[in-house]
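A.B. asks: I have a structure I would like to understand better, so I am pasting it below and will then ask my questions one at a time.
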Amino acid sequence: MAFPNVSDILATTIENRSKKVQDNVTKNNAVLTWLSKRGNIKTFSGGHKIYEEISFAENGNFGWYSGYDPLPTAAQDVITAAEYPIKQAACPVVISGLEELQNASKERMIDLMEQRLAVAESTMANKIAEALYSDGTGSGGKQLTGLAAAVPTDPTTGTYGGINRATWTFWRSQLEDPGTAYTSANINQGMNLLWSRMVRGSDRPDLILMDSATWNIYVASLQALQRFTSAQSAKYGFPTIGFMDADVVLDGGIGGFANTSHAIFLNTKYIKYRPHANRNMVPLSPNRRYATNQDAEVQILAFAGNLTSSGPQFCGRLVNT
């Protein structure tokens, strides 16, 4: 006889693992790891879209004065908000009636569920890691709006966060594209040029993401110097070296999704990962879900949210082609 509470086992097992799924998605992704370190993984609780307030102009009332000079008090429109759509993802975990019979004991059923959920967990982590580098047009525009939109190869065109880059220059990220491939002899020069355009006082890039090809060129340029980053950064589990005071992270290799022959410079102060408070890698419903025309039961691991930016001008892309 099949264990009678298979639905409860499936529901409670996925419930117990949901926090682990959240953690693994973060810890196995360089972007989310650094955003977590900065405290920029922030949930939102509702609304039609995700909003990021931004200051796009200085207060024009500023001025020097003397004695009884009149002071300007004109209203100042200096605050707006970028808006981002809520993107959704799900990974259903399915068990058939035959599998219930074949795994009749409680212990065997839990083992089966653990394996199925581990696969769902790694799948969610991989798909979100991939989407973080996307432009949001994948799956018919349903994919998370990633770094290809926040830091594009042409920052002078297109609308991002509801703001037209062709009209508003403050909303353009930086670009360094020499039109030829870098070598170990000149890649530092290109990185210096790009980095300097993103500095404003104490604001500067703190994370540089590289694919394997660009990483190898950069490492070769430093080999004689043996320049490595701090032990604090190394403990996050990613291969890192240093540039200025930013961490340079290899996000290529096996299963890496960094754009080929590109390096993305991020000031993570202006980048946020915004999952919904009630849909951050959690079971879609604790109730039983049966297929209407199959002998099967389903539990769904679900996500809703997006990647947002409040300052694209402080981020940039180095093109190595």
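We did not get these values from a lab; they are worked out from the coordinates using the rules stated. Because the structure is a prediction, the values reported are computed rather than measured. Here Cβ is always computed from backbone atoms with ideal geometry, including for glycine, and neighbour counts include all displayed protein chains.
A.B. asks: Among 190-198, 271-279, what's the highest-first ranking by average C-beta atoms within 10 angstrom per residue? Please list the in-between numbers first.
C.D. replies: On the way: 190-198: 17.3, 271-279: 19.6.
Output ranking for 190-198, 271-279: 271-279, 190-198.
A.B. asks: Okay, next question. By average Cβ neighbour count within 10 Å, what is the ranking of 209-216, 114-121 from highest down?
C.D. replies: Values: 209-216: 22.5, 114-121: 16.8.
So the peptides 209-216, 114-121, ranked by packing, come out 209-216, 114-121.
A.B. asks: Can you give the three extents of the C-alpha atoms in segment 154-209 along their principal axes, from longest to shortest, in whole Å?
C.D. replies: Cα extents, longest axis first: 40, 30, 17 Å.
A.B. asks: In Å and whole numbers, how far do the C-alpha atoms of segment 35-192 stretch along each principal axis, longest first?
C.D. replies: Extents along the principal axes: 88, 48, 31 Å.
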